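Peer 1: For reference, the structure I am asking about is given below.
Throughout, read-outs are computed from the coordinates displayed, never taken from laboratory work. Remember, it's a predicted structure, so these values are computed and weren't measured experimentally. For neighbour counting, all protein chains shown are included, and Cβ atoms are generated from backbone atoms with ideal geometry for every residue, glycine included.
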Amino acid sequence: MFIQTESTPNPATLKFLPGQTVMDMGTADFPSSESAGSSPLAQRLFAVDGVTGVFFGNDFVTVTKNDTVDWDHLKPAILGAIMEHFQSGQPVIADGSVQAGGHAAHSGEDSEIVDQIKELLDSRVRPAVAQDGGDITFHGFDRGVVYLHMQGACAGCPSSTLTLKMGIENLLRHYIPEVTEVRPVAV
């Protein structure tokens, strides 16, 4: 098994490509070791000293580290953990445990606007941020303000504010005049 690695715009996060499907559908975000209970792979990665976050996409795993550890020391242990997991035959997410990894539900008078927002996020934004090892999902819409949840490499990325304001906000405002602002939300 050969696992490729790619850097992301977030210097604290690396993207690992194991060459096979990680998540059949959706994504899974584990922002702490406490949240990793449903995933044998996430548990294995959090066992590596210095790992502070794990995110799964369709064909990648992103790992976030703390500032006190250097990637040169951490990367071999992470590669080993990913390789051991896929060779073990264990599932990425334990049976019966389902990760949402999608947009928050929204109903009401703004549902048509929200559907347009979700469509633009799915067609234009999410594929681009997946290339960088992350995901951005819809969290809410209130009086012109779109609330988005950033995951994986996008969470805590130094350029995430610029991505939100100059990229996503401009895109949404261009296509949907009712959108006035985009704000991040922590879940």
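Peer 1: For the pair A105 and R183, how long in nm is the line joining their label points, each one 7 Å along Cα→Cβ?
Peer 2: It works out to 2.4 nm between the two label points.
Peer 1: Only helical DSSP H runs with n ≥ 4 go in: add -39500 (n - 2.57) per run for the chain, normalise by residue count and round the 222 nm mean residue ellipticity to 500 deg cm²/dmol. Let's see the in-between values first.
Peer 2: Working: 5 runs with 47 residues, N = 187.
That comes out to -7000 deg cm²/dmol.
Peer 1: Give the dimensionless ratio obtained when the Cα radius of gyration of the range 50-93 is divided by 2.2 N^0.38 Å.
Peer 2: Values: Rg = 11.3 Å, N = 44, 2.2 N^0.38 = 9.3 Å.
Rounded to two decimals, the normalised Rg is 1.22.
Peer 1: Ordered by residue, what ³J(HN,Hα) values in Hz, to whole numbers, does the range 61-66 give under the Karplus form 6.51 cos²θ - 1.76 cosθ + 1.60, where θ = phi - 60° and Gly and Pro are x?
Peer 2: Rounded to whole hertz, the list is 10, 10, 10, 10, 10, 7.
Peer 1: Quick one: Karplus J couplings for the range 125-135, per residue in order, coefficients 6.51, -1.76, 1.60, θ = phi - 60°, nearest Hz, x for Gly and Pro?
Peer 2: Coupling constants for the range 125-135: 8, 4, x, 5, 6, 5, 4, 8, x, x, 7 Hz.
Peer 1: Give the separation of the Cα centroids, the range 112-157 to the range 1-62, in Å.
Peer 2: The range 112-157 and the range 1-62 have Cα centres spaced 19 Å from each other.
Peer 1: With θ set to phi - 60°, apply the Karplus curve 6.51 cos²θ - 1.76 cosθ + 1.60 along the range 69-79 and write out the HN-Hα couplings as whole Hz, x wherever there is a Gly or Pro.
Peer 2: Calculated HN-Hα couplings, in order: 10, 8, 4, 4, 8, 7, 4, x, 5, 5, 4 Hz.
Peer 1: For a quick check: with amide H placed at 1.01 Å from N, whose amide H comes under 5 Å from G53's, ignoring anything fewer than 5 positions away on the same chain?
Peer 2: Amide H neighbours of G53, under 5 Å, 5+ apart: T64.
Peer 1: Based on C-alpha coordinates, I'd like the Rg and Dmax of the range 127-177, in Å.
Peer 2: Here Rg and the maximum Cα pair distance are 11.0, 31 Å.
Peer 1: Under a plain spin-label model, where a point goes 7 Å from the Cα along Cα-to-Cβ, how far apart in nm are K165 and A77?
Peer 2: Between K165 and A77, the label points sit 3.7 nm apart.
Peer 1: Turning to a different aspect of this structure: Among A12, Q116, H103, whose Cα lies farthest out toward the positive end of the dipole of the range 1-155, if unit charges sit on the beta carbon of Lys, Arg (+1) and Asp, Glu (-1)?
Peer 2: Value computed over the given set: A12.
Peer 1: What is the magnitude of the charge dipole of the chain about its Cα centre, with +1 placed on the Cβ of each Lys and Arg, -1 on the Cβ of each Asp and Glu, and no other charges, expressed in debye to the nearest 20?
Peer 2: Details: 11 positive and 23 negative charges, 63 e Å.
It works out to roughly 300 debye.
Peer 1: Once amide H atoms are placed 1.01 Å from N in the peptide plane, what residues at a sequence separation of 5 or more from V146, or on another chain, have their amide H within under 5 Å of its amide H?
Peer 2: Amide H neighbours of V146: T180, E181, V182, R183.
Peer 1: Charges at C-beta only: +1 for Lys and Arg, -1 for Asp and Glu. How large is the resulting dipole of the range 1-77 about its Cα centre, in Debye rounded to 20? Write down the numbers at each step before the final one.
Peer 2: On the way: 4 positive and 9 negative charges, 20 e Å.
Here the range 1-77 has a charge dipole of around 100 debye.
Peer 1: Once you have the alpha carbon radius of gyration of the chain, what is it after dividing by 2.2 N^0.38 Å, with N set to its residue count?
Peer 2: Dividing the Cα Rg of the chain by 2.2 N^0.38 Å gives 1.06.
Peer 1: Hey, which lysines would be in cross-link range of K65, C-alpha to C-alpha under 18 Å, not counting anything within fewer than 8 residues on its own chain?
Peer 2: K15, K75
Peer 1: Can you give the relative contact order of the chain as a percent, counting alpha carbon pairs under 8 Å and 6+ residues apart? Walk me through the numbers on the way to the answer.
Peer 2: Working: 334 pairs, mean separation 41.0, N = 187.
RCO, the chain: 22 percent.
Peer 1: Search the structure for amide H atoms under 5 Å from the amide H of V22, placed 1.01 Å from N in the peptide plane, and list their residues when 5 or more places away or on another chain.
Peer 2: Answer set, sorted by chain and number: D59, F60.
Peer 1: What percent does the relative contact order of the range 31-95 come to when contacts are Cα pairs within less than 8 Å and at least six residues apart? Could you put the intermediate results ahead of the total?
Peer 2: Values: 74 pairs, mean separation 25.3, N = 65.
In percent, rounded to a whole number, it is 39.
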